[in-house]
1. Suppose we filter the range 50-74 for residues that are in a helix (DSSP H, G or I) and surrounded by fewer than 11 Cβ atoms within 10 Å (Cβ to Cβ); how many remain?
2. Just checking, does the range 3-22 include any residue being at pLDDT 85 or above and loosely packed, with under 11 Cβ neighbours inside 10 Å?
């Protein structure tokens with residue numbers, strides 16, 4: 001989307017994230033249910049789950065402190 005003083009160009013993205021990512025969430029839930037029912041290797045690793053938690057904690061700390069927070073490797 002590109003805005004100027006007189007016009008707007010481009011397609012409007014859905015506002016709510018569930019509208020934007022419905023297909024992705026559906027695929028994740030389908031993979032989880034398949035894993036829960038059939039077993040086998042997990043569709044995601046522990047690191048896959050840990051990364052967004054670390055990002056969220058760093059974002060909160062940055063907000064709380066008002067300073068940038070660097071994520072460490074591992």
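1. Qualifying residue count, the range 50-74: 6.
2. No: the range 3-22 contains no residue that is at pLDDT 85 or above and loosely packed, with under 11 Cβ neighbours inside 10 Å.
Residue-by-condition table, conditions (1) on the phi < 0 side of the Ramachandran plot; (2) at pLDDT 90 or above:
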{"site": "42", "(1), (2)": "yes, no"}
{"site": "46", "(1), (2)": "yes, no"}
{"site": "50", "(1), (2)": "yes, yes"}
{"site": "54", "(1), (2)": "yes, yes"}
{"site": "58", "(1), (2)": "yes, yes"}
{"site": "62", "(1), (2)": "yes, yes"}
{"site": "66", "(1), (2)": "no, yes"}
{"site": "71", "(1), (2)": "yes, no"}
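The values are calculated or read from the model by the stated rules, or taken from the named source; none is laboratory data. This structure is a prediction, so every number in the text was calculated from the model and none was measured. Backbone-built Cβ (ideal geometry, glycine too); neighbour counts: all protein chains shown.
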